[in-house]
1. Return the residues of segment 400-417 that are over 30 Å from residue 304 (Cβ atoms) and within 10 Å of the ligand (Cβ to nearest atom); say none if nothing qualifies.
2. What's the total number of residues in segment 6-22 that are more than 16 Å from the ligand (Cβ to nearest atom) and under 27 Å from residue 321 (Cα atoms)?
3. Can you name the condition, by its number, that residue 60 falls short on among (1) within 16 Å of the ligand (Cβ to nearest atom); (2) out of contact with any helix residue (DSSP H, G or I) (no Cβ under 9 Å at 6 or more places or on another chain)?
4. Looking only at segment 275-317, filter to residues that are within 25 Å of residue 250 (Cβ to Cβ) and assigned to a loop (DSSP other than H, G, I, E, B); which one of those is farthest from the ligand (Cβ to nearest atom)?
5. Collect the residues in segment 320-350 that are away from the ligand (no atom under 12 Å from the Cβ), at pLDDT 85 or above and within 23 Å of the chain's Cα centre (by Cα), keeping them in residue-number order.
6. So residue 58 passes all but one of these: (1) surrounded by fewer than 24 Cβ atoms within 10 Å (Cβ to Cβ); (2) in contact (Cβ under 8 Å) with a residue 12 or more places away in the chain. Which condition number does it fail?
7. With respect to residue 244, is the statement that it is more than 16 Å from the ligand (Cβ to nearest atom) and touching a residue at least 60 places away in the same chain (Cβ under 8 Å) true?
8. Give the residues of segment 256-274 that are within 15 Å of the ligand (Cβ to nearest atom) and surrounded by 24 or more Cβ atoms within 10 Å (Cβ to Cβ), sorted by residue number.
Ligand code: AMP
């Protein structure tokens, strides 16, 4: 069973730096929010490719000894998110193989929507798969290609794929990066000047990785574009015909860090505007604006600025909550949320509170938080959500549950309000969301808010059914 639905990931690539693996490690550290299940780095010294993958957080996997075992001037890295059932090292990326095209390591972010069909076809034709990740499908397609150059084989493979991918690939002496023709997932390009006028190239899902390694942001890898860097230099080519763009709006709503530039736009700018527009669309008389940390912080700042209601951090997050926590044998009510968040009673007692978060998915966390704020003494709780109701699952790489579990798919806003026990509930409109990301040319995908998928999902029923099985 492919696990592509859970490919919320971060990718990085470094070309031409004496400490490439170390820079990849730092970049992954900055991209840790994009996935905490496993991480890996493949590096090459020009003759040999080495790959190391591990389960858990970047800082725990890459000890100085591991980094030292990854020498060379070229490196790619990946950090992966997954739900519990898929926690296997075999699915960690990069994927490295020795095939008829030489040593290749590849990693990607996104979900290939026809991976199931491609894999079945490849297996019928004799390919043997080691894991259940979509990435392996790309490698088999490349290995099978009759094209002589690596770039041509990759081009041929990519043209068979449907859906979302931002991909980084490394051989002994060449790096190729590419984005799917519609540009669902981000991939930024950066550069560093080294001594002697040499240039090091860097690629990463988000520019916050460049800030940490000291690279300058040079723009986006364009949708449908492939960049190849090898001994002969740097070449950019459009490998696929132009297609309507479908940049994931959820990157700006929730997923990316506010200090990143994503799809050429500062996430901070979008997120603050989300909050300002939310305040215009759903004003309320209140005493304090309180974010749900960390996801609601920037939108709450925007809401407060627009409404002139004071902003207060009245929910404190414990940043050290790990995945493995020994629960006390006596069940404590709402233990999970209490572990993560604690209210500041002093700021909430007797107040009318505007609580701002980015989204309601199932509604269960939101209800616990509303209850927590109320039990800390809030007189009124007005929940404001900085995007429209989430009504449809994502098939392009964001982990949203099935329609059955999405509270927004099956209930009116009033019903959701009652479920989460808020005094009022306001969602930002689709128009507001478009305005916040400055989408004047229909460049974004809003499928999770509209159910209109920007690709032909011929196997939609199957994709839906598979989703149902996994959650
Ligand atoms: P709930 O009300 O139980 O649906 O939980 C909503 C919370 O989940 C919000 O605080 C969101 O920030 C967070 N959230 C939304 N989408 C995702 C996602 N794809 N992955 C992880 N957390 C998410």
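The values are calculated or read from the model by the stated rules, or taken from the named source; none is laboratory data. Just so it is clear, the structure is predicted and the values come from calculations on it, not from any experiment. All Cβ positions, even for glycine, are placed from backbone atoms using ideal geometry, and neighbour counts span all protein chains on display.
1. Here is the first cut: in segment 400-417, the residues over 30 Å from residue 304 (Cβ atoms) are 401-405, 409-410.
If the condition is that a residue be over 30 Å from residue 304 (Cβ atoms) and within 10 Å of the ligand (Cβ to nearest atom), then 401, 405 are the ones that fit.
2. At the first step, the residues of segment 6-22 found to be more than 16 Å from the ligand (Cβ to nearest atom) are 11-22.
Keeping just the survivors that are under 27 Å from residue 321 (Cα atoms) gives 11-12, 22.
Looking only at that region, the number is 3.
3. Of the numbered conditions (1) within 16 Å of the ligand (Cβ to nearest atom); (2) out of contact with any helix residue (DSSP H, G or I) (no Cβ under 9 Å at 6 or more places or on another chain), the odd one out for residue 60 is (1).
4. Across segment 275-317, the extreme among qualifying residues is 282.
5. Listed by number, the list is empty, since nothing qualifies.
6. All conditions pass for residue 58, except number (1).
7. Values: more than 16 Å from the ligand (Cβ to nearest atom): yes; touching a residue at least 60 places away in the same chain (Cβ under 8 Å): yes.
When the stated conditions are applied, residue 244 passes them.
8. Quick first cut of segment 256-274, residues within 15 Å of the ligand (Cβ to nearest atom) only: 256-258, 267, 271, 274.
Result: 256, 267, 271, 274.
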